[in-house]
Amino acid sequence: QEQPRTAAPISDVTRKAPRWQVDPAQQNILDHAYSINEFPNAAVRAQLAQAVNVLPVQVQVWFQNRRQRERKLAKQDTNIDDGIVLSNLDEMAGDEENIDRLKLKHSGCSDLLESASLSSSAKEVLQDD
């Protein structure tokens, strides 16, 4: 007769890799690998893990965190650019040529207009098509 399979104890299943403080030498290795490929495969992660003396899953999480940090910084840069454009609109409200250029460059920021505190003339210029 076939024996029923038993589940592994919960502590074995949910064990996480220990927290890891990345030292400068490890950071250099991982940064260099990231500059070559942002999405390393399992074999590359295993080699990197061996090089920095951690588990492959820790290297995988480091790459995930790094990609997320890059996306967050890129989004912040975009928000800063949009904020500069919106804050400068009031100053240029009478300059139709510059406003037309801004409308073309930042045509996707209509949702920001609703929450921005612009003068009514600047909002009218941006909303006119």
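Count of region 32-75 residues, restricted to those that are open to solvent by 90 Å² or more (accessible area, probe 1.4 Å) and under 17 Å from residue 17 (Cα atoms), is 2. Which residues, counting only those in region 21-31, are assigned to a loop (DSSP other than H, G, I, E, B) and either in contact with a strand residue (DSSP E or B) (Cβ under 7 Å, 6 or more places away or on another chain) or open to solvent by 60 Å² or more (accessible area, probe 1.4 Å) (or both)? Correct list: 21, 23. Of the residues in region 76-98, at least one is modelled with pLDDT under 95, open to solvent by 60 Å² or more (accessible area, probe 1.4 Å) and of a type in the set (A, V, I, L, M, F, W, C).
It is to be established whether one or more residues within region 33-45 are more than 21 Å from residue 69 (Cα to Cα) and either among the aromatic types (Phe, Trp, Tyr) or in contact (Cβ under 8 Å) with a residue 12 or more places away in the chain (or both). So far as region 33-45 goes, yes, one or more of its residues are more than 21 Å from residue 69 (Cα to Cα) and either among the aromatic types (Phe, Trp, Tyr) or in contact (Cβ under 8 Å) with a residue 12 or more places away in the chain (or both).
The values are calculated or read from the model by the stated rules, or taken from the named source; none is laboratory data. Fair warning: this is a prediction, and the values are worked out from it, not measured in the lab. Backbone-built Cβ (ideal geometry, glycine too); neighbour counts: all protein chains shown. Ligands, DNA and RNA are excluded from the accessible area calculation, which covers all protein heavy atoms including side chains. Shrake-Rupley method; radii C 1.70, N 1.55, O 1.52, S 1.80 Å.
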